[in-house]
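Any read-out appearing in this document is the output of simple, stated calculations on the displayed coordinates, not a laboratory observation. Just so it is clear, the structure is predicted and the values come from calculations on it, not from any experiment. Methodologically, a virtual Cβ is constructed for each residue, glycine included, from the backbone with ideal geometry; neighbour enumeration extends over all protein chains shown.
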Amino acid sequence: MDHFLYRDGQLWAEDVRIADIAAAVGTPFYVYSSATLLRHYGLFDEALAGLPHSVCFAMKSLSNLAVLKLLGDAGAGMDVVSAGEYLRARAAGVPGERIVFSGVGKTRAEMRVALSGGIRQFNVESEPEMEALSAVAAEMGQVAPITIRVNPDVDARTHAKIATGKSENKFGIPIARAREVYARAAALPGLRVVGIDVHIGSQLTELAPFEAAYTKLAELTALLRADGHRIERLDLGGGLGIPYARSNEAPPLPLEYGDLIRRTVGHLGCEIEIEPGRLISGNAGLMVAQVIYLKSGEGRDFLILDAAMNDLIRPAMYDAHHDIIPVIEPEAGVEQRPYDIVGPVCESGDTFARARAMPPVAAGDLVAFRSAGAYGAVMASEYNSRPLIPEVLVKGDQFAVIRARPTYDEMLARDTVPVWL
Ligand code: LLP
């Protein structure tokens, strides 16, 4: 459920008309619903009720400071993958003890940033990283709390670009080598082992791969404990999928996911950490665009928007489906026609949807891309010198621009022409 609904013939974000935001900020733009973000965070919190747990929002999915403050104030921790994300989380008021640091290539400089600001744990992904972190922490007179990310060789059955738990993926250490690697970690002076970490992929639409991975994790916990390690925390990663096409998708709900966690690892007496991103932010955001032209091609009609692949890259990059709906509610039973919905960028990949059935639309109309809160604004670029589009946050009947659209002058001012040219 989200808070983007038609009322009085128009699309609203909570109690604000999308058309009013468009009039105030211009198109295209992203808009997020506070109520939806908080509701989705709360679903995970409830799903793990009764177990010691922390929900660390995977802020790679949506990292605007205002969103982080909203979730952080509600009690969320953060899963960060760079010093930049760490500093954003801190700037939003999230304490270091609630931040976990994931990622396959943390640099020494990034480790220093997190160690000096305070960190709940590093999720270490390789032996060289382990050695580096131990050295950095020891230099700083600290002991870094770590989990080690294991790769359970489980097929997440998701898009190949976002599957991470198979042995051919670059993530984690092979689970078969875990005992050896934990023994090495325990011997390093700058590290303190606190648990195990796993993340098998993103946009998972069934529970079976999670079940396979978490079952292997429970077995590993017993082995590592027998070896004398203190396994107090299990970081189970993120990855629970969302419905992108409302009409025909029903991925498992957080409550069912919570039951699975209880069943597979609930008996181990560990604190459970999860790192959901998309399920919290995905359906909490829309991207709103305007139709610039309708163009008749041979055997097809194109809807040319003012938004493009640089603003929302998911269709081009993952062949992702996003529902696209008019901001003025279509009349019931109105005849739909197929359109290729495209942006102005100079490549054919700049296509949001092919032969998508749409009610009648005209130049000047507004359309909204659903499920655009996750991996939307954060993956945008200025390709074709198109300034990044603004982000807006709604709460009840209020809205605020939480990232302004840069002016062309601001965009140009970031480049420097050397004096010798
Ligand atoms: N934890 C780790 C270690 C991750 O790598 C990820 C996502 C998450 C948590 C959060 O996963 P989520 O709950 O959001 O599925 N850009 C792609 C998705 C990339 C996901 C990368 N890692 C997309 O637009 O589909």
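Among Gly258, Gly241, Gly195, Gly172, which is surrounded by fewer than 21 Cβ atoms within 10 Å (Cβ to Cβ), in contact (Cβ under 8 Å) with a residue 12 or more places away in the chain and either out of contact with any Lys or Arg (no Cβ under 8 Å at 6 or more places or on another chain) or not hydroxyl-bearing (Ser, Thr, Tyr) (or both)?
Answer to the check: Gly241.
Within segment 324-363, track down each residue that is among the hydrophobic types (A, V, I, L, M, F, W, C) and at positive phi.
Across segment 324-363, the qualifying residue is only Ala355.
In segment 252-287, what residues are away from the ligand (no atom under 15 Å from the Cβ), charged (D, E, K, R) and closer than 30 Å to Ile324 by Cα?
Within segment 252-287, Glu256 is the sole residue that qualifies.
Go through segment 13-42 residue by residue and tally those that are hydroxyl-bearing (Ser, Thr, Tyr) and part of a helix (DSSP H, G or I).
So the answer is 3.
Do we find that Leu305 is over 19 Å from His40 (Cβ atoms), within 14 Å of the ligand (Cβ to nearest atom), surrounded by 22 or more Cβ atoms within 10 Å (Cβ to Cβ) and of a type in the set (A, V, I, L, M, F, W, C) in this structure?
In short, no.
Out of segment 114-137, which residues are part of a helix (DSSP H, G or I) and either buried (at least 20 other Cβ atoms within 10 Å of the Cβ) or among the polar types (S, T, N, Q) (or both)?
Within segment 114-137, Ala114, Leu115, Ser116, Glu129, Met130, Leu133, Ser134, Val136, Ala137 qualify.
Can you tell me which residues in segment 89-113 are part of a helix (DSSP H, G or I) and within 16 Å of the ligand (Cβ to nearest atom)?
Result: Ala89, Arg98, Glu110.
Report, by residue number, each residue of segment 291-328 that is more than 24 Å from the chain's Cα centre (by Cα) and under 21 Å from Val25 (Cα atoms).
Val291, Ile292, Tyr293, Ile304, Leu305, Asp306, Pro326, Val327, Ile328 - these are the residues of segment 291-328 that are more than 24 Å from the chain's Cα centre (by Cα) and under 21 Å from Val25 (Cα atoms).
Within segment 210-221, does at least one residue satisfy the condition of being within 16 Å of Val55 (Cα to Cα) and touching a strand residue (DSSP E or B) at 6+ places or on another chain (Cβ under 8 Å)?
Checked segment 210-221: no residue is within 16 Å of Val55 (Cα to Cα) and touching a strand residue (DSSP E or B) at 6+ places or on another chain (Cβ under 8 Å).
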